[in-house]
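The values are calculated or read from the model by the stated rules, or taken from the named source; none is laboratory data. Just so it is clear, the structure is predicted and the values come from calculations on it, not from any experiment. Cβ: placed from backbone, ideal geometry, glycine included. Neighbour counts: every protein chain shown.
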Amino acid sequence: MQKKLFIGFLFLILLSTAYVEIQAKPLDLTERFQILKENPVLIVFGLKASESDKKVSNELHRFLLGIGINSRVVSDSQASHLNLEEYNVILVGGPIANRLTREFQTCFSSWFGYYDGELALITRGNVYYGDELGIIDLTSNPLSNGELIIVLLAGKTRNGTEAAVKAFMYSNLNKQVALVSMEDEEGKIYWCSNSLSKEVRERIQKKTCLPVQSDIVMVVVGNIGQGTPIGLDKN
């Protein structure tokens, strides 16, 4: 009897250990559609954004419905009246265009801020200025208990945002963060990388700039396009 109890107890320990390992498995863009199928999806665009952001949000909505994922499209103003902790959230558009992007971008490994007086995309320890660049960034929904996700699909301009949405739908992605650009009406992938820890994010923000907290564009910038390293450990 004692032997059976010991075996049963050992089985429970192994089962709980396996469960913890499964729960601890990092999010990966490779499995983005499987993850999105598990809970309702809320696609949020900026009410003050260009018509292009709304258009690609609806395109994403139709794409997700077509592969069996329950989703709906709302503006950032409408989303403020919903319980976001009940959804997998997809944010379409940068912080100038989308209020929820401003509120949540500190949770991501990528953000938009003013560096040397110019609006830039900061990701993985590099500063990017290109208008055509977009970012895909996947993390846990900070309002949920870890079961839901939040995804950032954004660029400095509508072109970058469209590139991020297209690549999210049609490209082969992996890890948690991807830098993309528009090419032949599809998102071209520059690289995919792992997300940053909170400690590293804070170090980079101190070195560069804090995320944008206003919808007012301070500086009109050109199309520079290259990533400028800022000399930080990005691991």
Failed criterion for A120 (all others in (1) at pLDDT below 95; (2) assigned to a strand (DSSP E or B); (3) buried (at least 17 other Cβ atoms within 10 Å of the Cβ); (4) out of contact with any Phe, Trp or Tyr (no Cβ under 8 Å at 6 or more places or on another chain) hold): (4)
Failed item, numbered, when A154 is tested on (1) out of contact with any Gly (no Cβ under 6 Å at 6 or more places or on another chain); (2) within 20 Å of L84 (Cβ to Cβ); (3) crowded, with 22+ Cβ neighbours inside 10 Å: (1)
Those residues of the range 112-142 which are more than 15 Å from the chain's Cα centre (by Cα) and among the hydrophobic types (A, V, I, L, M, F, W, C), in sequence order: L119, A120, V127
Criterion: at pLDDT 95 or above, within 24 Å of N145 (Cα to Cα) and either more than 14 Å from the chain's Cα centre (by Cα) or not basic (K, R) (or both) - qualifying residue of T17, T30: T30
Spans of strands (runs of 3 or more DSSP E) in the range 141-213 with at least 1 residues more than 27 Å from A79 (Cα to Cα) and of a type in the set (S, T, Y): 177-183, 186-193
Only listed residue being among the hydroxyl-bearing types (S, T, Y) and touching a strand residue (DSSP E or B) at 6+ places or on another chain (Cβ under 7 Å), chosen from S171, S144, S197: S171
Filtered residues of the range 33-75 (kept if touching a His at 6+ places or on another chain (Cβ under 7 Å) and closer than 20 Å to G146 by Cα): I43, S71
Qualifying residues in the range 186-203 (those that are within 15 Å of W111 (Cα to Cα) and among the aliphatic types (A, V, I, L, M)) - the one surrounded by the most Cβ atoms within 10 Å (Cβ to Cβ): L196
Total residues in the range 99-119, condition within 21 Å of Q176 (Cα to Cα) and either in contact (Cβ under 8 Å) with a residue 12 or more places away in the chain or polar (S, T, N, Q) (or both): 13
Meets criteria (part of a strand (DSSP E or B) and at pLDDT below 95) for G113: yes
